[in-house]
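The values are calculated or read from the model by the stated rules, or taken from the named source; none is laboratory data. Because the structure is predicted, anything quoted here is derived from the model rather than measured. Neighbour counts are summed over all protein chains in view; Cβ atoms, including those assigned to glycine, are modelled from backbone coordinates with ideal geometry. With ligands, DNA and RNA removed, areas are computed over all heavy atoms of the protein, side chains included. Shrake-Rupley method; radii C 1.70, N 1.55, O 1.52, S 1.80 Å.
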Amino acid sequence: MKEKVRLAGPVDLADKLEKSRAMDRPIRVLAKAVREKIGPGRLRDWLHGVPTGKPLHPPLATVTLGCWVSVAVLDLMNTDPKAAKALLAAGVAGAVPTAAAGLTDWSSLHREQQRVGFVHMVTNLTALSLFSGSLLLRMAGRQGGGKALSMLGLGAATVGGYLGGHMAYRQAAGANHAEQVAHLVPLGWHDLCPIKDLPEGRPVTRRLGYIQLFVLRHGGGVSVLADRCSHLAGPLHQGRLVIENGEPCVVCPWHGSTFRIADGSVKHGPATAPAPTFETRVRRDGTIQVRPLT
Ligand code: FES
């Protein structure tokens with residue numbers, strides 16, 4: 001029996017892109033340059049979306065794309081060239097912070113995500129150039145050429161949007177990688193380990209059912225967080241302990257997200273979601289018990 005030939009779909013191409021090493025050198029150089037340029041601090045945290053608790057890039061991209069799609073609708077209806085110009089300009093202006101936030105997130109991703117992200121960036125830069133050209137042509141009174149460039153720009157932006165979706169939903173870039181913790185630990189108190197087995201001031205990991213925990217004995221008490229970093233699941237127990245504004249924090253060893261040990265809140269990105277935290281108590285026989293903080 002003849003085997004059916006299956007044509008490669010867009011998702012197959014995106015999967016292939018993840019594995020292609022062809023662009024690894026420029027990716028490495030660019031990611032390093034971005035990390036050095038936008039060093040740790042308030043700007044980087046803003047661009048990641050730490051203050052809002054969600055990545056900043058997706059909502060900005062929605063505004064930019066929304067403007068450009070609206071331009072196409074107005075063009076197709078052959079109506080209101082003034083409004084089309086205003087929307088084009090808004091989209092082009094919005095693309096700048098969108099790109100800055102996206103580039104900042106991209107610089108701290110896994111290589112497979114960066115490969116897809118690199119092509120996502122190239123297609124979106126192409127779209128931006130085409131829409132900018134369209135705006136210039138329209139301002140010069142060349143409506144026909146302007147409309148044609150907008151349509152080409154929308155095509156490039158669609159490819160870019162598809163790849164962005166692949167990164168977010170297939171590769172889980174920007175997702176909360178500790179979200180499942182709450183579903184894997186039954187409510188109530190659970191025995192963890194004897195307190196005497198824990199070293200003072202050095203985080204260790206302990207298993208609770210399906211999940212790994214970050215456990216730190218310090219200052220006469222015990223703090224427990226989920227060990228998976230919410231950014232990309234890095235092992236927090238291997239991170240550095242630091243004091244930020246007088247508060248003990250742990251810095252993820254993979255991309256430097258910093259979490260407050262007392263409540264798991266994010267001090268610095270790229271993570272935007274907090275680390276799940278556990279309440280602790282010590283039984284009379286010295287066994288530490290934990291329960292998820294809801
Ligand atoms: S895994 Fe990226 S900062 Fe923790």
- Query: Looking at the range 169-191, which of its residues are surrounded by fewer than 22 Cβ atoms within 10 Å (Cβ to Cβ) and outside any loop (DSSP other than H, G, I, E, B)?
  - Reply: Tyr169, Arg170, Ala182, His183, Leu184, His190, Asp191
- Task: Go through the range 264-289 and count every residue that is touching a residue at least 24 places away in the same chain (Cβ under 8 Å), more than 9 Å from the ligand (Cβ to nearest atom) and of a type in the set (Gly, Ala, Ser).
- Result: 4
- Note on the structure: How many residues of the range 264-294 are hydrophobic (A, V, I, L, M, F, W, C) and open to solvent by 50 Å² or more (accessible area, probe 1.4 Å)? The answer is 2
- Counting only strands (runs of 3 or more DSSP E) wholly inside the range 220-263, the ones holding at least 2 residues that are within 15 Å of the ligand (Cβ to nearest atom) and exposed (fewer than 15 other Cβ atoms within 10 Å of the Cβ) are 240-244
- Would the range 23-37 turn up any residue that is within 26 Å of His166 (Cα to Cα) and not in a helix (DSSP H, G or I)? yes
- Message: Let me spell it out: the conditions are (1) part of a helix (DSSP H, G or I); (2) under 27 Å from the mean Cα position of the chain (by Cα), and Leu109 meets all of them except one. Which number is the exception?
- Response: (1)
- Assuming Lys82 fulfils every condition listed in (1) at pLDDT 95 or above; (2) open to solvent by 70 Å² or more (accessible area, probe 1.4 Å) apart from one, which condition is it? (1)
- Quick one: would you say His166 is without any contact (Cβ under 8 Å) to a residue 12 or more places away in the chain, farther than 26 Å from Asp75 by Cβ and assigned to a helix (DSSP H, G or I)? no
